[in-house]
Amino acid sequence: QVELGESGGGLVQAGGSLRLSCAASRRTFVGHAMGWFRQAPGKDREFVACISWSGTSTYYGDSVKGRFTISRDNAKNTVYLQMNSLKPEDTAVYYCAAARLAWATSESRFDSWGQGTQVTVSS
């Protein structure tokens, strides 16, 4: 089981930026694809972005493409989500997740989840 802990959420005005971090335990971070998902009140969980173990492959949801960037530092067992040009509709709890595969895009492949961090974008 991967231990995941998100940080970096908060309140920001529309057009602003935030950087989320997710620290994972080393013993199972190695070799795992990592992803970010989000869930707004009353809505289903939504895929945001994912990154391969090597960091060479990334994939984004349509609603964040061109505004968000996922990256990872394997020496620090940490994955990041840089969020720019934030919109009120980006308001949600953001979750970090890990898959026991080098590459994964389907939510069903992610079997370890963090507790989430709240991101609120005001208009």
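For SER112, the residues whose modelled amide H falls within less than 5 Å of its own, excluding neighbours fewer than 5 places apart on the same chain, are ALA98. Left without a cysteine partner by the 4.7 Å Cβ rule in the chain: CYS50. Across segment 29-38, computed HN-Hα scalar couplings (Karplus, 6.51 cos²θ - 1.76 cosθ + 1.60, θ = phi - 60°) run 6, 4, x, 9, 6, 10, x, 10, 10, 9 Hz from first to last residue, x flagging Gly and Pro.
The aspartates and glutamates whose alpha-carbon is closer than 17 Å to the alpha-carbon of LYS43, local same-chain residues fewer than 8 away aside, are ASP62, GLU89, ASP90, GLU107.
Counting protein heavy atoms only, the chain has 45 percent of its accessible area on carbon and sulfur, 1.4 angstrom probe. Working note: 222 nm ellipticity from helices only, DSSP H runs with n ≥ 4, each -39,500 (n - 2.57), summed and divided by the residues of the chain, gives -500 deg cm²/dmol to the nearest 500. In the complete set of protein chains, residue-level accessible area for LYS65 is approximately 120 Å², probe 1.4 angstrom.
The values are calculated or read from the model by the stated rules, or taken from the named source; none is laboratory data. Owing to the predicted nature of the structure, the values given are computational and were not obtained by experimental measurement. Glycine also receives a Cβ, built like all others from the backbone with ideal geometry; neighbour counts cover every protein chain displayed. Please note that ligands, DNA and RNA were not included when accessible areas were found on the heavy atoms of the full protein model with its side chains. Shrake-Rupley method; radii C 1.70, N 1.55, O 1.52, S 1.80 Å.
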